[in-house]
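Okay, structure first, notes after.
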Amino acid sequence: MRAVSKSADEIVYGLKREYLEKICAEGSRIDGRKFDEVRPIIVNRNFVPRAQGSAEVRLGDSRVLVGIKIEQGEPFPDTPNSGILTTNAELLPMASPTFESGPPGEDAIELARVVDRGIRESKMIDLDKLVIKEGEKVWVVFVDMHILDYDGNLIDACALGAVAALLEATVPASKVGAEDFPLPINHVPVTVTFAKIGSTMLADPNLEEEEVASARLSIATNENGDVVAMQKGLSGSITKEELFSAVDASIKLGKDIRKRVLGK
Amino acid sequence: MKLINEEGLRIDGRKFNELRPIRIEVGVLNRADGSAYIEWGGNKVLVAVYGPREAFPKHTQNPSRAIVNARYNMAAFSVDERKRPGPDRRAVEISKVIGEALECAVFTEQFPRTSIDVYIEVLQADAGTRIAGITAASVALVDAGIPMKDMVVGCAAGKIDGKVVLDLNKEEDNFGQADLPMAIIPRTQEIVLLQMDGNMTRDELDQAVELSKKAAMYISGIQKEALLAKYKSQEQEKEGESSE
C-alpha cells in the first residue's frame, strides 16, 4: 500500500488519543475526575430579563446562554389544541476557532434536535395548557441556545440551560388580556452525555476528551429514572454492556443534577 | 387507540416479536457504483453508492482515510401530507447518524482522501425509514465493492400499549409510547446507530435492545440472500449465452 504522509496536526492528534486511552485504561482522566464525575456546574438564572426565561450555564469551561421567548402563533394543523415548542442552537464563531458563521450546520442541528427531544419526549412542558383559541391561536415556546465558549459537551450544557430557563419562564398572557402565568411544567428531564475512549465511558467529556472519543452517547432521563431520549454520535460503536453502564450512570447523575442544580 | 388486541396481536396481525415483510434487491440502478432497493412493510427505499472517489470540496478530504457521506432524503410524495422538497432539519440529523454508523463498518483507512457517497431516497414512508435505509445502504456498499467488517443491519423496537414490541408501523409509531431505532454490526454485535424517544424503564430498554438484536441477525440473512440472488442470476445468464 502507498505510504501516507501525515500532517503535524494528525501526529499530535494520534499522540493525544494514545495518551488519553492509556490513562483511561489506568483508571484516570486528564483533569483528574472520576469516570462518572461531571465538571462543576454554575447556573445563572434570569440573565436576560427581556426574555421570558433565561439561563447562563457554565459546565467546566463550556459556557452557553439559553433564552426563552414565548409568542403567539398558529397551531400545527394536526395538533390544533397544543402549544408549540421550537428549539434552535447557534455555534457562535466567538466560541471556538473551529466554528464558522453562517446557517446552522449539521452539528448545530443535531445539538438542537437532541436537546429538543429530551424536553419534548419527557413531556416537560404541558403544551395542552398553551392554547389561546382552539385551532386558531396558541403560545409558541422558542428555545434559543447560544454557545459562547466551547470546551466540550455542549449537549448537556444546552439541555441544562434550556430546562433551567423553562422552569423560570413566564407566559406573557397579559398581551391577550389575561394574566401572566408561569409556564406549565410536568416533568424535569436531565441529559447526561458520555464519550467512549478506548473501552471506557466518560461522563461529561471536556474538549480534549471529546476530540479523541470514538463514540458519544447522550441519555435523557426523567425524575422516575425512566429513559426518555437517547442519541449515539460519532463513527465508533458501543457494546450493549457499555450502553447499560451509561444508562445506569445517567439515571444516577440525572438524579443528582436535578436536585443539586435545578432544585427539583 | 388500542394497538394490541385481546389475543395479543397488533393492528396488522403481527405478534410482539414479528417483523414486517422485508424484501431487498441488489444492483437496481445502472449508473451508480452500487445500489439496492428495499421494501420493508410499506417503506420503499432506494439507495445508490458512488465511490470511493476524490472527496470534494477539497478541504473535506482526510489524508488518512475515506469519509462516508450519507444523504437521506424523503420524496415530496412519500408521506400523507406533501413534504417540501429538500433537506429539513430531521433529514440533516438522520443523514449524519447514518453516515457515522456506516463509517463504523467500512475500512475507510484503505481509501485516503476519498469520499464514499451514499444516497438514500425514501420513495414511500411507513415508519422506520432510517433503519430500512441503512439496511439497504450496506447492501449497496457491498454491491459497489467497498470492503467492510460486515454489513450493518438496522432494526427498531418500541413500546405500544405498555408492551415492548419489534418494528413499529406508522400507527404504532404515532400512537405508541416509545421508539428505539438501532443498527448493529452482526459479526461483532457492536451498536453503531442508536436513537430513542418516548418513555422506557431500564428493563424495557433491555428487552427492546434484545428484540432488535435478534431480529437483526435474521435481517442480516435477507441481505446476504439478496446479494447471492444477484450473482446467481448473472451466472444463469452467462450459462444461457454459452449454450446458444
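Given Cα pairs under 8 Å that are at least 6 residues apart, what percent is the relative contact order of chain A?
RCO, chain A: 20 percent.
How high is the relative contact order of the stretch B:15-149? Use alpha-carbon pairs under 8 Å, at least six apart in sequence, and give a whole percent.
37 percent
For residue B:2, list the aspartates and glutamates whose Cα falls under 15 Å from its own Cα; do not include residues on the same chain fewer than 8 positions away.
Candidates past the 8-residue exclusion: B:12, B:161, B:171, B:172, B:173.
Just subtract the alpha-carbon distance of residue A:174 and residue A:223 from 0.36 nm times their residue separation and send over the number in nm, one decimal.
Details: separation 49, 0.36 × 49 = 17.64 nm, distance 3.21 nm.
Value of the extension gain: 14.4 nm.
With all protein chains present, how much of the accessible area of the stretch A:35-107 (probe radius 1.4 Å) comes from carbon and sulfur, to the nearest whole percent?
Looking at the stretch A:35-107 in its full context, I get 51 percent from C and S.
For the stretch B:175-190, just list the computed ³J(HN,Hα) in residue order, Karplus coefficients 6.51, -1.76 and 1.60, θ = phi - 60°, integers in Hz, with x standing in for Gly and Pro.
10, x, 9, 6, 9, 9, x, 8, 9, 10, 9, x, 4, 10, 6, 6
Using the alpha-carbon centroid of each, what span in Å lies between the stretch A:4-38 and the stretch B:150-187?
Centre-to-centre distance over Cα atoms comes out at 35 Å.
Strictly over 25 Å apart at the Cα level, which of A:69/B:83; A:255/B:213; B:149/B:214; A:22/B:213; A:129/A:175; B:15/B:44 would you flag in this model?
Details: A:69/B:83 28 Å; A:255/B:213 30 Å; B:149/B:214 19 Å; A:22/B:213 31 Å; A:129/A:175 16 Å; B:15/B:44 23 Å.
With Cα atoms farther than 25 Å apart: A:69/B:83; A:255/B:213; A:22/B:213.
Near residue A:176, within a Cβ-to-Cβ distance under 13 Å, what is the net charge of the other residues, with Lys and Arg +1 and Asp and Glu -1?
Around residue A:176, the surrounding residues sum to -1.
Binning at 5 Å from 0, report for the stretch B:76-168 what percent of all alpha-carbon pair distances ends up in each bin.
In whole percents, the pair-distance histogram is 2, 11, 20, 21, 17, 15, 8, 4, 1, 0.
Give the long-range amide H neighbours of residue A:87: residues separated by 5 or more places, or on another chain, with amide H under 5 Å away, using H modelled in the peptide plane at 1.01 Å from N.
When sequence neighbours closer than 5 places are left aside, the close amide H contacts are A:143.
Report, to one decimal in Å, the Kirkwood hydrodynamic radius for chain A based on all distinct Cα pairs.
Mean inverse Cα-Cα distance, inverted, gives 19.5 Å.
Need one number: buried accessible surface between chains B and A, 1.4 Å probe, both sides summed, DNA, RNA and ligands left out, in Å² to 100.
So the total buried area for this chain pair works out to about 3200 Å².
Antiparallel versus total DSSP beta bridges in the stretch B:22-233: what percent is that, nearest 5?
Of those bridges, close to 85 percent are antiparallel.
Out of the total accessible area of chain B (probe 1.4 Å, heavy atoms of protein only), what percent is carbon and sulfur?
Working: 5460 of 11070 Å².
Of all accessible area on chain B, carbon and sulfur atoms account for 49 percent.
Which residue, A:207, A:15, A:160, has the most motion in a Gaussian network model of chain A that connects Cα atoms within less than 10 Å?
A:15
Collect residues whose amide H, placed 1.01 Å from N in the peptide plane, falls under 5 Å from the amide H of residue A:126; neighbours closer than 5 in sequence don't count.
Distant-sequence amide H within range of residue A:126: A:185, A:186.
With a 10 Å cut-off between alpha carbons and a GNM built on chain A, which of A:209, A:90, A:18 moves the most?
It is A:18.
Taking only Cα atoms and a 10 Å spring cutoff, compute GNM fluctuations for chain B and point out the largest among B:79, B:164, B:209.
Result for chain B, Cα springs under 10 Å: B:79 fluctuates most.
Enumerate the calculated ³J(HN,Hα) couplings along the stretch A:97-105 in order (Karplus 6.51 cos²θ - 1.76 cosθ + 1.60, θ = phi - 60°), each rounded to whole Hz, writing x wherever the residue is Gly or Pro.
Working through the residues one at a time gives x, 8, 8, 10, 6, x, x, x, x Hz.
Taking 8 Å as the Cα distance limit and 6 or more residues as the minimum spacing, I'd like the relative contact order of chain B as a percentage. The partial results should precede the final answer.
Details: 525 pairs, mean separation 50.6, N = 244.
It rounds to 21 percent for chain B.
What is the average number of partner chain Cβ atoms found within 10 Å of a Cβ in A:236-244?
6
Residue A:137's amide H: which non-local residues (gap 5+, or another chain) put their own amide H closer than 5 Å, with H modeled 1.01 Å from N in plane and none for Pro or chain starts?
Here A:132 satisfy the definition.
Compute the FRET efficiency between residue B:80 and residue A:107 as 1/(1 + (r/R0)^6), taking r as their Cβ-Cβ distance and R0 = 41 Å, and round to the nearest 0.05. Each step should come with its number before you reach the end.
Details: r = 31 Å, r/R0 = 0.75.
The value I calculate is 0.85.
Taking only protein heavy atoms and a 1.4 Å probe, what accessible area per residue, in Å², does the stretch B:183-234 have with all protein chains in place?
44 Å²
If the reach is capped at under 16 angstrom between alpha carbons, list the lysines near residue B:232, excluding any in the same chain fewer than eight residues apart.
Hits, sequence-local ones excluded: B:224.
Could you pull the Rg and Dmax for the stretch B:131-244, using just the Cα atoms, both in Å?
Just the Cα atoms of the stretch B:131-244 yield Rg and Dmax of 17.8, 65 Å.
Can you pull the three principal axis extents for the Cα set of the stretch B:22-233, in Å, largest first?
Projected onto the principal axes, the Cα atoms of the stretch B:22-233 cover 49, 40, 39 Å.
Residue by residue through the stretch B:32-43, which ³J(HN,Hα) values in whole Hz follow from phi under the Karplus form 6.51 cos²θ - 1.76 cosθ + 1.60 (θ = phi - 60°), with glycine and proline marked x?
With coefficients 6.51, -1.76 and 1.60, one gets 5, 5, x, 7, 7, 10, 10, 10, 9, x, x, 6 Hz.
Other chains' Cβ within 10 Å of B:83-96 residues: what's the mean?
On the way: counts 0, 0, 0, 0, 2, 1, 10, 2, 1, 8, 9, 2, 2, 7.
So the per-residue partner count for this stretch is 3.
Within chain B, which complete DSSP H helices have Cα atoms spanning at least 20 Å along the helix axis and a mean Kyte-Doolittle hydropathy of 0.0 or higher?
Long hydrophobic helices here: B:89-105, B:129-143.
Consider just the alpha-carbon atoms of the protein assembly as shown and return their Rg together with their Dmax, both in angstrom.
Values for the protein assembly as shown (Cα only, Rg and Dmax): 23.6, 88 Å.
Can you list the residues in the stretch A:112-134 whose accessible area drops by at least 30 Å² when all protein chains are present, compared with the chain alone? Use a 1.4 Å probe, heavy atoms only.
A:113, A:117, A:121
Is the shape of the stretch A:142-187 best called rounded, prolate or oblate, per the rule: a/c under 1.5 gives rounded, else a/b larger than b/c gives prolate, else oblate, with a ≥ b ≥ c the square roots of the Cα gyration tensor eigenvalues? Could the numbers behind the result be given before it?
Working: a/c = 4.90, a/b = 2.42, b/c = 2.02.
It comes out prolate by the Cα gyration axes.
Span-like helices, chain A: DSSP H, alpha-carbon axial extent 27 Å or more, mean Kyte-Doolittle -1.0 or greater, which ones?
Qualifying helices: A:240-260.
What shape does the stretch A:23-128 take by its C-alpha gyration tensor, where a ≥ b ≥ c are the square roots of the eigenvalues and a/c under 1.5 counts as rounded, a/b above b/c as prolate, and the rest as oblate?
prolate
The values are calculated or read from the model by the stated rules, or taken from the named source; none is laboratory data. Just so it is clear, the structure is predicted and the values come from calculations on it, not from any experiment. So basically every Cβ, Gly included, is an ideal-geometry build from the backbone, and we count neighbours across all protein chains shown. Remember, those area values only see protein heavy atoms, side chains included, never the ligands or the DNA or RNA. Shrake-Rupley method; radii C 1.70, N 1.55, O 1.52, S 1.80 Å.
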